[in-house]
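Chemist: Have a look at this one.
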Amino acid sequence: MTPSATAPIGPRVLLTRSEEDCAEWALRLEQRGARPVSLPCIHCDIVDTPDLRAALAAAVPGADWLAFTSRRGVEAFATLHAPPLDRGKVAVVGSATAAAARQRLGRVDLVGRGGTAASLAATLVADGDLAHQPRVLIAVAANAGDELERTLRAAGARCTRFDVYRTVPAPPAATKRAMSSLDADNVLFASPTAVTGFVQQVAIDVPVNVYTIGPSTTTAARAHGLNVTAEAREPSLEGILEAMQWRN
């Protein structure tokens, strides 16, 4: 369907997540009138080894809490350790992770207030009865930071971290694609790994607005020499759209 001559033209937005996640965000952006362009700059792999499966099988029955900071973490955990869970309550970072946990694990007992690992830690400290030294199993990406476990340990929890998946950046291209060839004025980054994959694939030869999902991604973008236009106040697509100051 051809837009009318008077129809507003939404922003041209380059998405840099995994192929699956780019497709999800592209659909949501199209519904808001934007023109998404997908350039997957990462892929995710489950860390599936006999040792990891055995370690999870041994740890899950004794866990009081299972903590997840991403939908990917839930999906990887559910692949490596089939539900039902024995007794552990499930704590998640936000609504998307909660939806995955309900679908794959059958329960959600606590949702962080703020959408980050730090806010999940704060919510567990406030509501997780950590003074009684519960056992907390943390399932995260191999390159995730350690703020969650550090905060929980300081509050009294006994934490065991399992790296259940890894995010891998797109490899360096023999010849980088010119940004001008991608037909986008705005670039969205949802992880530091996506920043790495992007700069290994694309040469910026035109002015572009760069929007990031949070502080660690902003730090990575600046470390690679990118000028960050704005950072989302909350780690979500809606937060990035707010940072773009765009409304359909």
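Chemist: Mind telling me which of the residues ALA54, ALA63, ALA58 ends up being buried (at least 20 other Cβ atoms within 10 Å of the Cβ) and of a type in the set (Gly, Ala, Ser)?
Modeler: Testing whether each residue is buried (at least 20 other Cβ atoms within 10 Å of the Cβ) and of a type in the set (Gly, Ala, Ser) leaves just ALA63.
Chemist: Let me ask something else. Output the number of the condition that ARG32 fails; it satisfies all remaining conditions of (1) buried (at least 18 other Cβ atoms within 10 Å of the Cβ); (2) under 27 Å from LEU237 (Cα atoms).
Modeler: Evaluating ARG32 over (1) buried (at least 18 other Cβ atoms within 10 Å of the Cβ); (2) under 27 Å from LEU237 (Cα atoms) leaves (1) as the failure.
Matching residues to (1) more than 29 Å from LEU80 (Cβ to Cβ); (2) without any contact (Cβ under 8 Å) to a residue 12 or more places away in the chain; (3) in contact with a helix residue (DSSP H, G or I) (Cβ under 9 Å, 6 or more places away or on another chain):
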position: GLY156; (1), (2), (3): no, no, yes
position: CYS159; (1), (2), (3): no, no, yes
position: ALA178; (1), (2), (3): yes, no, no
position: ASN186; (1), (2), (3): yes, no, yes
position: SER191; (1), (2), (3): no, no, yes
position: VAL206; (1), (2), (3): yes, no, yes
position: ASN209; (1), (2), (3): yes, no, yes
position: PRO215; (1), (2), (3): yes, no, no
position: THR219; (1), (2), (3): yes, no, yes
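Chemist: Ok, one more. Against the definition (buried (at least 21 other Cβ atoms within 10 Å of the Cβ) and closer than 22 Å to ALA23 by Cβ), how does ILE46 come out, yes or no?
Modeler: no
Chemist: If a residue counts only when it is surrounded by fewer than 19 Cβ atoms within 10 Å (Cβ to Cβ), which helices (runs of 4 or more DSSP H) contained entirely in region 180-248 have at least 1 such residues?
Modeler: Output list reads 215-223, 237-244.
Chemist: Okay, next question. If you take the residues of region 84-138 that are among the hydroxyl-bearing types (Ser, Thr, Tyr) and in contact (Cβ under 8 Å) with a residue 24 or more places away in the chain, which of them is farthest from ARG150 (Cα to Cα)?
Modeler: THR97
Chemist: Here is a further query. Kindly list the number of the only condition in (1) of a type in the set (A, V, I, L, M, F, W, C); (2) farther than 19 Å from GLU147 by Cβ; (3) in contact with a strand residue (DSSP E or B) (Cβ under 7 Å, 6 or more places away or on another chain) that fails for ILE213.
Modeler: Here ILE213 meets the rest and fails (2).
Chemist: Regarding VAL164, is this residue of a type outside the set (D, E, K, R), at pLDDT 95 or above and more than 15 Å from the chain's Cα centre (by Cα)?
Modeler: So VAL164 fails the test.
The rows are residues; the columns are (1) in contact with a Ser or Thr (Cβ under 7 Å, 6 or more places away or on another chain); (2) at pLDDT 95 or above; (3) assigned by TED's automatic domain parsing to the domain that holds LEU237.
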residue: SER70; (1), (2), (3): yes, no, no
residue: ALA82; (1), (2), (3): no, no, no
residue: THR97; (1), (2), (3): yes, no, no
residue: VAL108; (1), (2), (3): no, yes, no
residue: ARG113; (1), (2), (3): yes, no, no
residue: ALA117; (1), (2), (3): yes, no, no
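Chemist: Residues of region 209-248 being closer than 20 Å to ARG113 by Cβ, hydrophobic (A, V, I, L, M, F, W, C) and at pLDDT below 90, which ones?
Modeler: Correct list: LEU237 only.
Chemist: If you don't mind, there's one more thing I want to ask. Run down VAL108, VAL90 and say which single residue is under 20 Å from ARG153 (Cβ atoms) and among the aliphatic types (A, V, I, L, M).
Modeler: VAL90
Chemist: Which ranges mark the strands (runs of 3 or more DSSP E) fully within region 9-74 that have 1 or more residues being in contact with a Gly (Cβ under 6 Å, 6 or more places away or on another chain)?
Modeler: It comes to 35-38, 42-46, 65-68.
Chemist: Taking region 98-137 on its own, how many of its residues are of a type in the set (S, T, N, Q) and under 16 Å from ALA63 (Cα atoms)?
Modeler: 1
Chemist: OK, next. Checking the structure you have, find out if any residue of region 108-117 is charged (D, E, K, R) and closer than 28 Å to VAL195 by Cβ.
Modeler: Yes, region 108-117 contains a residue that is charged (D, E, K, R) and closer than 28 Å to VAL195 by Cβ.
The values are calculated or read from the model by the stated rules, or taken from the named source; none is laboratory data. It should be emphasised that the depicted structure is a prediction, and the values quoted were computed from it without experimental measurement. Don't worry about glycine lacking a Cβ; one is built from the backbone with ideal geometry, like all the others, and counts go over all protein chains shown.
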